[in-house]
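Contents: one structure, followed by commentary.
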Amino acid sequence: MSAESSGENQDFRGMLVRLSNLLKKDDLEAMKYMCKDVIGKRDLSKIESFFELCDNLESRDMLDSINIAFLQKLLTDCCSGRKDVLHVLESYTKPQNGIHNETEANITQNVQLNPVNPQQQIVYLQPAQGFHSHQMSPSSATYSLPTYDYKHVEKEINYLTRKLGREWRFFMRTLGISDYDMAEMEQQHPRNMREQIHGCFVIWVQQNKGAVNKNMLIKALTDVSVERFDLAANLEDNDFS
């Protein structure tokens with residue numbers, strides 16, 4: 001194997017690892033269902049992870065470091081258009097020099113470009129009182145996503161936005177926020193950690209389609225990578241002072 005081929009495979013495997021970290025159980029089940037006519041019910045029943053699904057597709061010559069078309073269709077159809085997932089694929093396939101041809105420009109539908117990643121435009125909910133709004137530009141109005149209310153955890157989110165410190169990135173990763181999304185918030189709000197944190201909370205609500213609650217926050221706060229038991233205790237006591 002040439003050094004170039006080895007590098008391509010390493011990039012390919014790295015892309016699959018990043019996707020695996022983002023995908024949820026429901027995403028995998030939807031992808032398996034879409035593969036029923038390709039893999040077969042018997043083999044599908046043995047697949048329990050995204051990696052096993054990819055290995056099966058590779059064995060059928062339907063996936064490799066160059067041919068990712070079928071995988072791209074699976075992710076597009078089964079992940080509800082999640083931008084964090086599609087961004088991983090885009091980062092893998094886009095030209096290294098960053099020059100996008102006219103076809104790619106048409107696909108983005110004139111979405112406002114951002115220096116961190118020109119492919120992604122995130123739609124944010126209206127933040128809680130005391131924070132600036134994250135609005136879509138007029139040019140990206142046709143690229144909208146549904147938004148979800150978070151008033152039932154608004155006090156908890158505002159409290160943690162004020163109280164989280166340097167551990168906030170580990171906390172967000174525990175909630176399922178990708179490093180890309182955190183970098184996006186840092187790009188949009190340089191030198192304003194509160195806005196960065198609050199923006200990530202909004203993404204968290206969006207990714208979970210509004211199905212979020214206080215217990216999810218407490219669990220993340222007590223994770224071994226965060227260990228903010230003081231904040232977790234305050235949330236349990238409804239102490240937001």
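Structure notes:
- Some residue of the stretch 173-189 being part of a loop (DSSP other than H, G, I, E, B), touching a Gly at 6+ places or on another chain (Cβ under 7 Å) and within 30 Å of SER91 (Cβ to Cβ): yes
- Number of positions in the stretch 46-92 that are buried (at least 17 other Cβ atoms within 10 Å of the Cβ), in contact with an Asp or Glu (Cβ under 7 Å, 6 or more places away or on another chain) and not hydroxyl-bearing (Ser, Thr, Tyr): 4
- Residue in the stretch 192-209 that is in contact with a Ser or Thr (Cβ under 9 Å, 6 or more places away or on another chain) and outside any helix (DSSP H, G or I) present: yes
- Scope the stretch 193-202; condition out of contact with any helix residue (DSSP H, G or I) (no Cβ under 6 Å at 6 or more places or on another chain) and open to solvent by less than 60 Å² (accessible area, probe 1.4 Å); matching residues: GLU195, VAL202
- Residues satisfying the stated conditions in the stretch 203-241, i.e. of a type in the set (Val, Ile, Thr) and surrounded by fewer than 16 Cβ atoms within 10 Å (Cβ to Cβ): THR222, VAL224
- Residues within the stretch 32-69 that are closer than 20 Å to PHE12 by Cβ, modelled with pLDDT of 90 or more and not in a loop (DSSP other than H, G, I, E, B), tallied: 10
- So ASP11, is it farther than 21 Å from ARG173 by Cβ, at pLDDT 90 or above and open to solvent by 80 Å² or more (accessible area, probe 1.4 Å): no
The values are calculated or read from the model by the stated rules, or taken from the named source; none is laboratory data. Computed from a predicted model, the values in this text were never measured in an experiment. As a convention, Cβ positions derive from the backbone with ideal geometry for all residues, glycine included, and neighbour counts pool all protein chains shown. Areas reflect the complete protein model, heavy atoms only, side chains present, ligands, DNA and RNA absent. Shrake-Rupley method; radii C 1.70, N 1.55, O 1.52, S 1.80 Å.
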